[in-house]
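J.: Take this structure first; my questions come after.
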Amino acid sequence: MPVDEYHHDLIKAKHADITNSPGKSEAGSCQAAAFLQKFVEKDVEWVHLDIAGTSMTESSATGYGSKLLVHYLKNCI
């Protein structure tokens, strides 16, 4: 997932170091990855899996895909 300076600029905040809700939804998952990257040490490999769009309906969370991901992580890695 590409994360560049544009995405880091989106998460700058007026009253804090960063924000996870800048009021713009232009970059979506890349913007979220830029936010999460701030909490990961430089030498740690990590991944941002953005499955929120497929795991939600208008009124509730479905969890779609989450069980498969947990199964994969438990059995395949």
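J.: Would you check if Glu5 is modelled with pLDDT of 90 or more, open to solvent by 70 Å² or more (accessible area, probe 1.4 Å) and over 15 Å from the mean Cα position of the chain (by Cα)?
T.: In short, yes.
J.: Tally up the residues in region 12-48 that are open to solvent by less than 90 Å² (accessible area, probe 1.4 Å), farther than 23 Å from Leu73 by Cα and modelled with pLDDT of 90 or more, please.
T.: Residues flagged as open to solvent by less than 90 Å² (accessible area, probe 1.4 Å), farther than 23 Å from Leu73 by Cα and modelled with pLDDT of 90 or more within region 12-48 amount to 5.
J.: With the requirement that a residue be in a loop (DSSP other than H, G, I, E, B) and without any contact (Cβ under 8 Å) to a residue 12 or more places away in the chain, what does region 65-77 give you?
T.: Scanning region 65-77 gives a single hit, Ile77.
The values are calculated or read from the model by the stated rules, or taken from the named source; none is laboratory data. As the structure is a prediction and not an experimental result, all values here were calculated from the model. Reconstructed Cβ throughout: ideal geometry from the backbone, glycine too, with neighbour counts over all protein chains shown. In case anyone asks, the SASA skips ligands and DNA or RNA and just uses the protein heavy atoms, side chains included. Shrake-Rupley method; radii C 1.70, N 1.55, O 1.52, S 1.80 Å.
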